[in-house]
Amino acid sequence: MDAAAEILAPVEDARRRLGEERSEAEGRASVGALTRADVDAFKVRWLGQKQGAVTALLARIREVPRDEKARYGEAVNALKREAEAAVERLAGRATAAEREARERALAVDVTLPPRLAPVGRLHPLTVVRRKVEDAFRTLGYEVADGPEIETDWHNFGALNFPPDHPARDEFDTFFVKDGGAGRDRLLLRTHTSPVQIRTMLSRKPPIRIIIPGRVYRNDAIDPRHSPVFHQVEGLTVGEGITFADLKGTLAAVFRQLFSEAAKIRFGPTFFPFVEPGVDVAVSCVFCGQKGCRVCSGSGWIEIMGAGMVHPKVLENGGIDPGRYSGFAFGGGIDRIAMLVYGIPDLRLLFENDVRFLDRTW
Ligand code: PHE
C-alpha cells in the first residue's frame, strides 16, 4: 500500500462502516422498526460535534502531510455528505414509519367480528300459538278472532251457563263499569268460547276454527295464576261429527305439538256448553310416562277441556242440532308454553325481562 492510500484508509474504513450501518438501519425501517431516536443516535455517531466519526476524521487532517491534505479533505467531505444524506433519508423513513404506526393504532380493524345490534325475537307465547295454529291448519282449520270485551250473553248465557253457575260470580271476572245490565252487560271474556257463538251466528256449517286469544279472570297473580292469560279454543260443526272425531283430531295435534309418541286420555268432567264433557290429558313427554315432576308422577298432563257441543249451544248459535253436531275444546297457551319450555313461573311470561325473552324458544 503506498503512502497516499494508507492516509486514505481510515476514511475508506469509515465509509464501509457507514454503508453497513445505513443498510442495517434501512432494513429496520422496512419493517417499521426504525425510530427517530435511532436516527438521532446515528447522526450523533457520525456527525456529532464531539464524538462523531466524521468530525474525528476531519480533526486528523492536521497529521496529514501537506501535499495529501487536499485529497484527504475531499475524501472526508465526501464521507460527510454521504452521512448527511443517510441521516436525511433515514429520518424521512422513521417519520413515515411512526406516522403509519399511529394511523394503524387508530384504524378500524375490519377483520374483527361485528358488534351486532340487539335483535328482538318472538315471545315464547307467540311461538307456541303459531305452532298450535300450524298444527290445526294442517287439518283444515281456520284461525278465528273475537272481542275481548264481551257481553254476558256471549261469554256465559249462550254457552249454557245456568244463572247461578259459579263462573258467573262477579268475582270471577271483570265487569265493565257502566257496561249495561242483563244479557248485554259488558265484561272481559273469561275464555275464548264466546267466539264459538259469534262464528256459528255468522256462518253455516261445516265449521272448523281455532280461536287463540287473551282472556281474563279475577285471580291474584302467583306462579300459576294471572288475571290475564291466553287460551286456544277449537270448534268443529258438521253433519255426523262424533266423539271419535274429537279424539282423533286432538291426538293428531298433540302428536305434532309434542311427539309422535304422544297419547291422549279423556276423563269425564263438566262444562255447561258441552255434553259429554272431558278433561284431556296428554301422556307425559318429559319422562315417557315413568313419572316425573312435570306430570306429578302420574305419567299424564291435563292440558285442556273438551266435549261434544251441547245441543242448546248449537241452537243459540242458530244451528239445527237435529241435523248438525260438533265438538269443542280449549286450553291454555301459557300452560303449553310452560310445559314445552319448562318455564317454572307463569309470571316470567308477562314481566318482559329481556334476560328471559332473549332465550331461543
Ligand atoms: N272454555 C273452557 C275453559 O275456559 C275450556 C273448554 C273449551 C272446555 C271448549 C270445553 C270445550 O276452561
Amide H proximity to Gly48 below 5 Å, modelled H, separation 5+ or other chain, gives Ala53
Relative contact order in percent for the stretch 276-333 (Cα pairs under 8 Å, 6+ apart) equals 32
Here the relative contact order (percent) of the chain, from C-alpha pairs under 8 Å and at least 6 apart, is 14
Rounded to the nearest 10 degrees, the helix 69-106 long axis (Cα) sits at an angle to the longest Cα principal axis of the chain of 10
Using a 1.4 Å probe on heavy atoms of the protein chains only, the accessible area for Arg93 in Å², nearest 10, reads 80
Rounded to the nearest 0.05, FRET efficiency between Asp172 and Lys312 (Cβ-Cβ, R0 30 Å) equals 0.90
Shape descriptors of the chain over alpha-carbon atoms, Rg and Dmax in angstrom, are 45.7, 142
With a 1.4 angstrom probe the carbon and sulfur portion of accessible area for the chain, in percent, totals 53
Expected field for Tyr341, accessible surface area in Å² at 1.4 Å probe radius, rounded to 10, holds 50
Simple SL model, points at 7 angstrom along Cα→Cβ for Arg60 and Glu103; separation in nm is 4.4
Taking a ≥ b ≥ c as the square roots of the Cα gyration tensor eigenvalues, with a/c under 1.5 meaning rounded and otherwise prolate when a/b beats b/c or oblate if not, the stretch 289-346 comes out prolate
One finds the C-alpha centres of the stretch 307-332 and the stretch 222-259 to be spaced, in Å, by 15
Farthest towards the positive end of the dipole of the chain, among Gln49, His154, Ala262 and with Cβ unit charges of +1 on Lys and Arg and -1 on Asp and Glu, lies the Cα of Gln49
With the 8 Å Cα cutoff and a minimum separation of six or more residues, the stretch 46-192 has a relative contact order in percent of 15
Helix 3-30: inclination vs the chain longest Cα principal axis, degrees, rounded to 10, gives 10
Here the percent of antiparallel bridges among DSSP beta bridges lying wholly in the chain, to the nearest 5, is 95
Over the chain, with neighbouring protein chains present, the accessible area per residue in Å² at probe 1.4 Å is 56
Taking placed amide H atoms and a strict 5 Å upper bound, the residues 5 or more places from Val143 or on another chain that come that close are Ile210
What the Cα atoms of the stretch 147-296 span along the principal axes, largest first and in whole Å, is 52, 43, 24
Counting lysine pairs in the chain that sit 8 or more positions apart or on different chains, with Cα atoms under 15 Å apart, gives 4
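The values are calculated or read from the model by the stated rules, or taken from the named source; none is laboratory data. None of the values given here were measured: they were computed from a predicted structure. We place every Cβ from the backbone using ideal geometry, glycine too, and count neighbours over all the protein chains shown. Each accessible area value is taken on the protein alone, full model and side chains, heavy atoms only, with ligands, DNA and RNA left out. Shrake-Rupley method; radii C 1.70, N 1.55, O 1.52, S 1.80 Å.
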